[in-house]
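So the structure is just underneath, and the comments pick up after that.
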Amino acid sequence: MHQVFYFVGLKYSSATVASALNNTLPAVTFVLAAALNMEPVAGVAGRAKMAGTVLCVVGSMVMTFYSGPVVRTMDSSISWLYVQRTMATEAAADAGGQAAILGAVLVIASTGTLAVWFIIQKKLSKSFASPFTSTALIALMASFQCAIIGVAAEPRLSSWALGLDIRLIGSLYVGLVNESFPLFKPGIKMT
């Protein structure tokens, strides 16, 4: 659900909105864990966590809804044609109205589903002896779900063809690097 919500939300909004809202993941996870009494909020440490959560959400909202002039960083002699095209695409998405709002809501839903997954994973790791096996099984189940949703959304076989281009590199990166980060957490011992 996380990936489906995220990529559909990205389609309807912009990369800036999706990136900014995705940065609320620690805040959403903390709020859910605190609501389920899995995270202590009393004392100085709890107040610091709550202040950090508020700061995280406020920063993401400012990044999402900022509509002033473009903030320039440094001049560069490098041609930024890709960035200029992306900015034009994002400006068109920002002018999209209802679709842009739907995209933002879907990205927030994506963040919520991933936060719920982190909480479930914490509970599961206490009772299940092998974290790598549980992660592999859940990734396999998610692959089946995404395949079913993908085929329902795009039944033409030609749309699924990957050439030696950025689509292949992007797919490999998301599959191998981006979604395997729970396997490489420090402190997990291999058994």
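What is the one condition in (1) open to solvent by 50 Å² or more (accessible area, probe 1.4 Å); (2) in a helix (DSSP H, G or I); (3) without any contact (Cβ under 8 Å) to a residue 24 or more places away in the chain that Val57 does not satisfy? Going through (1) open to solvent by 50 Å² or more (accessible area, probe 1.4 Å); (2) in a helix (DSSP H, G or I); (3) without any contact (Cβ under 8 Å) to a residue 24 or more places away in the chain one by one, Val57 breaks only (3). Can you say whether Gly46 is more than 23 Å from the chain's Cα centre (by Cα), farther than 26 Å from Tyr12 by Cα, at pLDDT 80 or above and surrounded by 10 or more Cβ atoms within 10 Å (Cβ to Cβ), as far as the supplied structure shows? Considered against the rule, which asks whether it is more than 23 Å from the chain's Cα centre (by Cα), farther than 26 Å from Tyr12 by Cα, at pLDDT 80 or above and surrounded by 10 or more Cβ atoms within 10 Å (Cβ to Cβ), Gly46 comes out as yes. Being touching a residue at least 24 places away in the same chain (Cβ under 8 Å), hydrophobic (A, V, I, L, M, F, W, C) and within 27 Å of Tyr12 (Cβ to Cβ), is that true of even one residue in segment 122-140? Within segment 122-140 (the criterion being touching a residue at least 24 places away in the same chain (Cβ under 8 Å), hydrophobic (A, V, I, L, M, F, W, C) and within 27 Å of Tyr12 (Cβ to Cβ)), the answer is yes, since at least one residue qualifies.
Here's the yes/no breakdown for (1) surrounded by fewer than 19 Cβ atoms within 10 Å (Cβ to Cβ); (2) in contact with a helix residue (DSSP H, G or I) (Cβ under 8 Å, 6 or more places away or on another chain); (3) within 24 Å of Ile138 (Cα to Cα):
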{"position": "Gln3", "(1), (2), (3)": "yes, yes, yes"}
{"position": "Gly9", "(1), (2), (3)": "no, yes, yes"}
{"position": "Ser13", "(1), (2), (3)": "no, yes, no"}
{"position": "Ala20", "(1), (2), (3)": "no, yes, no"}
{"position": "Thr24", "(1), (2), (3)": "no, yes, yes"}
{"position": "Thr29", "(1), (2), (3)": "no, yes, yes"}
{"position": "Leu32", "(1), (2), (3)": "yes, yes, yes"}
{"position": "Ala35", "(1), (2), (3)": "yes, no, no"}
{"position": "Met38", "(1), (2), (3)": "yes, yes, yes"}
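State the number of residues belonging to segment 19-54 that are of a type in the set (A, V, I, L, M) and either assigned to a loop (DSSP other than H, G, I, E, B) or touching a Phe, Trp or Tyr at 6+ places or on another chain (Cβ under 7 Å) (or both). Don't jump to the end; show me each part of the working.
From segment 19-54, those of a type in the set (A, V, I, L, M) are 20-21, 25, 27-28, 31-36, 38, 41-42, 44-45, 48, 50-51, 54; that's our starting set.
Next, only the ones that are either assigned to a loop (DSSP other than H, G, I, E, B) or touching a Phe, Trp or Tyr at 6+ places or on another chain (Cβ under 7 Å) (or both) stay: 36, 38, 41-42.
Number satisfying all stated conditions: 4.
Consider Thr135 carefully, then state whether it is modelled with pLDDT under 80, assigned to a helix (DSSP H, G or I), surrounded by 15 or more Cβ atoms within 10 Å (Cβ to Cβ) and not aromatic (Phe, Trp, Tyr). So that I can check it myself, show each step before the final result.
Working: modelled with pLDDT under 80: yes; assigned to a helix (DSSP H, G or I): yes; surrounded by 15 or more Cβ atoms within 10 Å (Cβ to Cβ): yes; not aromatic (Phe, Trp, Tyr): yes.
So Thr135 passes the test.
Any chance segment 142-152 includes a residue that's in a helix (DSSP H, G or I), farther than 23 Å from Gly9 by Cα and either open to solvent by less than 50 Å² (accessible area, probe 1.4 Å) or modelled with pLDDT of 80 or more (or both)? Spell out how you get there, then give the answer.
Of all residues in segment 142-152, those in a helix (DSSP H, G or I) come to 142-152.
Next, from what is left, pick out any that are farther than 23 Å from Gly9 by Cα: none.
No, the conditions are met nowhere in segment 142-152.
Is there a residue being modelled with pLDDT under 80, among the small types (Gly, Ala, Ser), open to solvent by 90 Å² or more (accessible area, probe 1.4 Å) and not in a helix (DSSP H, G or I) anywhere in segment 116-131? Checked against the condition, which is being modelled with pLDDT under 80, among the small types (Gly, Ala, Ser), open to solvent by 90 Å² or more (accessible area, probe 1.4 Å) and not in a helix (DSSP H, G or I), segment 116-131 yields at least one hit. For segment 75-97, check the following and say yes or no: at least one residue is at pLDDT below 65, open to solvent by 80 Å² or more (accessible area, probe 1.4 Å), assigned to a helix (DSSP H, G or I) and of a type in the set (Val, Ile, Thr). Yes, segment 75-97 contains at least one residue that is at pLDDT below 65, open to solvent by 80 Å² or more (accessible area, probe 1.4 Å), assigned to a helix (DSSP H, G or I) and of a type in the set (Val, Ile, Thr).
The values are calculated or read from the model by the stated rules, or taken from the named source; none is laboratory data. Since we're looking at a predicted model, the values are computed, not measured. Neighbour counts run over all protein chains shown; Cβ positions are idealised from the backbone, glycine included. Quick note on the areas: whole protein, heavy atoms, side chains included, nothing else; ligands and nucleic acids left out. Shrake-Rupley method; radii C 1.70, N 1.55, O 1.52, S 1.80 Å.
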